[in-house]
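Working notes, beginning with the structure itself.
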Amino acid sequence: MNGADFVTFSLTPLLIGSLAALACALPGNFLVLRRQALVGDAISHVVLPGIVLAFLVTGTISTWPMLLGSAASAVMAVVLIEAIRRFGRIEPGAAMGVVFTAMFAAGVLVLEKSDTSGVHLDVEHALFGNLESLIWLDATGWTSLVDPVALAGLPPELFRIGLVTVVIGLCLAAFWRPLAISTFDEGFARTLGLPVRAIGLGIVIASALAAVAAFDAVGSIIVIAMFICPPAAARLMTNRLGAQVAWSAAFALIAATLGFTLSASGPAWFGSENAVSAAGMVGTVAGMILACAALFGPART
Amino acid sequence: MQARLEDVSMRDMRERATQGGPLVIRGMTVAYDRKPAVFSVDASFRSGRITGIIGPNGAGKSTLLRAGLGIVKPLAGQATFFGTTLARSRDRVAYVPQRASVDWDFPARVVDVVAQGLYRRLGLLGRYGRDHDDMVMTALERVGMEDFSARQIGQLSGGQQQRVFLARALAQDAMLYLLDEPFAGVDAATERAIIKVLKTLRSDGRTVIAVHHDLSTVEEYFDDVLVMNVRKISDGPVGTAFTPEALETAYGGRLERGVRDPQKARA
């Protein structure tokens, strides 16, 4: 692949995939440490009907309607869980499982029946991501990076995920100490006067933001791997929180770039002509990183 | 500048301490699932003393402490710190939670945990400098843990973890120390190290309140006691409040002379 082809077909998917992995891995560290990995799973499922809903109402897929739609469906999920728990008299875990999968399934059905031919939104992409199609058609080579006309043709998903990643990164840096203290010892954090509820909610909101923005890149199903695998692998590499977050960022970037590259060129090495799903490969690489860390990580004990 | 501010706040602290005790609890009632854990407890803790909160398992000792600190929400009642609200006294109050209340597998070294005690000095983005490092090391030396500063907290023994928690509270440089079961499941060396620190705090004019369940050490460790079992049973100096009658009421038939609380045997 020459430079021009790379810029047109690979640069933007690589960037979007990397940023999406990063945006998910950063809050994922705190979800994993708080033993709330299931929250990441829940968020990734609830996001789908929200996005479909937003599309049905506005007819476009743009950032704010998607976020609002996701927020609305998250609220609905909470209400439904509480109702089922109360009236169905079943344990909260079961109520959550039922609500998330049911809402997700409803999202898939509605999506299947809606006319989404005009936009990048169909069932397969919603589930498995859309990374390969996020190409930069206006690019003619590396010089396009300084060409305002070509830059205007960059996929809007890139700006969305870029903004979300920057916001999450800044919040993480600004609230690092309260996040660390309240994650380790909530009671003590309260006596310091830290708003531990707001901090917990902030982590969930950041995760939801990341899930919505990463939706384009890796879809609803694989996004959970991006929340959990890099931080879980990172925990096995170090005994320090700062180092863990840094490792998780590195693993996220490796999973995204290696996964995308392997999906495009990997099958050819084995004599197959068809590329495989990029998101699938990204998720697989993330899982393999976790497996390697579990076997060889220095901080396993 | 920093030093002068601290002088002012120290003086302020002493003035207030004479107006209201370090901790006054009024009508505290806490319930879990409608079952009262603490019922209408009034207590006033004396300044410059080591007070033990004594009672059997499930007597609501920890809950009383946690409700006073606003960690659990009481149904009724209030706690006053140094004659004012907790929100205005946070720099003067240090809390040592139960060791088992946190996950020691958390990715942190001993110094990282002790440095959490400096949060109110550092704030969100304040630079962690050499003098902060000195404060952390001083606190660790006071509990005899300076050689473990770079150790991952999960690799410590139970007693060492308890000392790290105490060091974090010492780094807060508070006037009132609230400890939840500081002697639960620790080795004898740790127990001696902790009580020595608590007595030093007392001789500095600070106040210590500790939830405790080992009846055999009460007279040795504490100046005052609060004996409770959901309700307050007695309080005051050990000589007058730590009586066989009070213990009989608190423990019912479960108390036998010379036998330690069963909680200790399990720990």
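Please work out if B:GLY52 is outside any loop (DSSP other than H, G, I, E, B) and closer than 19 Å to B:SER234 by Cα.
Yes; evaluated as a whole, the condition is true for this residue.
Could you figure out which of (1) within 14 Å of another protein chain (Cβ to nearest Cβ); (2) in a helix (DSSP H, G or I) isn't true of A:MET237?
(2)
Out of all the residues in the range B:106-121, is one or more more than 7 Å from every other protein chain (Cβ to nearest Cβ) and surrounded by fewer than 17 Cβ atoms within 10 Å (Cβ to Cβ)?
Within the range B:106-121 (the criterion being more than 7 Å from every other protein chain (Cβ to nearest Cβ) and surrounded by fewer than 17 Cβ atoms within 10 Å (Cβ to Cβ)), the answer is no, since none of the residues qualifies.
Which ranges mark the helices (runs of 4 or more DSSP H) fully within the range A:142-191 that have 3 or more residues being under 25 Å from the mean Cα position of the chain (by Cα), more than 14 Å from chain B (Cβ to nearest Cβ) and surrounded by fewer than 21 Cβ atoms within 10 Å (Cβ to Cβ)?
By residue number, A:156-174.
Among the residues of the range A:265-273, are any within 17 Å of the chain's Cα centre (by Cα), more than 14 Å from chain B (Cβ to nearest Cβ) and in a helix (DSSP H, G or I)?
Looking for residues that are within 17 Å of the chain's Cα centre (by Cα), more than 14 Å from chain B (Cβ to nearest Cβ) and in a helix (DSSP H, G or I), one finds none in the range A:265-273, hence no.
I'd like the full set of residues that are surrounded by fewer than 20 Cβ atoms within 10 Å (Cβ to Cβ) and farther than 19 Å from B:VAL24 by Cβ, limited to the range B:208-228.
Hits for the range B:208-228 are B:ASP214, B:SER216, B:THR217, B:VAL218, B:GLU219, B:GLU220.
Go through (1) surrounded by fewer than 19 Cβ atoms within 10 Å (Cβ to Cβ); (2) at pLDDT 95 or above; (3) not aromatic (Phe, Trp, Tyr) for B:ARG11 and report which single condition fails.
Result: B:ARG11 fails condition (2) only.
From the list B:GLY205, B:GLY159, B:GLY144, B:GLY185, exactly one residue is more than 13 Å from every other protein chain (Cβ to nearest Cβ), in a loop (DSSP other than H, G, I, E, B) and either in contact with a His (Cβ under 9 Å, 6 or more places away or on another chain) or within 13 Å of B:ARG99 (Cβ to Cβ) (or both). Which is it?
It is B:GLY185.
State which residue pairs qualify: first residue free of Cβ contacts under 8 Å to residues at least 60 places away in the same chain and inside the range B:56-85, second residue part of a loop (DSSP other than H, G, I, E, B) and among the charged types (D, E, K, R) in any location, beta carbons under 9 Å apart, and separation of 6 or more residues or different chains.
Hits for this filter: B:ALA67/B:LYS73.
Sort out which residues of the range B:134-145 are more than 22 Å from the chain's Cα centre (by Cα) and either within 25 Å of B:ASP105 (Cβ to Cβ) or of a type in the set (Gly, Ala, Ser) (or both), and write them in order of number.
Selection gives nothing.
Within the range B:209-244, can you find the residues that are without any contact (Cβ under 8 Å) to a residue 60 or more places away in the chain, within 23 Å of B:GLY185 (Cα to Cα) and hydroxyl-bearing (Ser, Thr, Tyr)?
Hits for the range B:209-244 are B:SER216, B:THR217.
With the checklist (1) more than 23 Å from A:ALA294 (Cβ to Cβ); (2) modelled with pLDDT of 95 or more in hand, flag the one item A:TRP247 doesn't pass.
Every listed condition holds for A:TRP247 apart from (1).
Checking B:ALA193 against (1) closer than 28 Å to B:ARG90 by Cβ; (2) assigned to a strand (DSSP E or B), which test does it fail?
Here B:ALA193 meets the rest and fails (2).
For the range B:248-267, give me each residue that is over 22 Å from the mean Cα position of the chain (by Cα), under 17 Å from B:HIS212 (Cβ atoms) and at pLDDT 65 or above.
Scanning the range B:248-267 gives a single hit, B:TYR251.
One line per residue, one yes/no per condition, for (1) in contact with a Pro (Cβ under 7 Å, 6 or more places away or on another chain); (2) within 23 Å of B:SER234 (Cβ to Cβ):
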site	(1), (2)
B:ALA37	no, yes
B:PHE45	yes, yes
B:ASN57	no, yes
B:LEU65	no, yes
B:ILE71	no, no
B:ALA100	no, no
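The values are calculated or read from the model by the stated rules, or taken from the named source; none is laboratory data. Keep in mind it's a predicted model, so treat the numbers as computed, not measured. Positions of Cβ are backbone-derived with ideal geometry, glycine not excepted, and every protein chain shown enters the neighbour counts.
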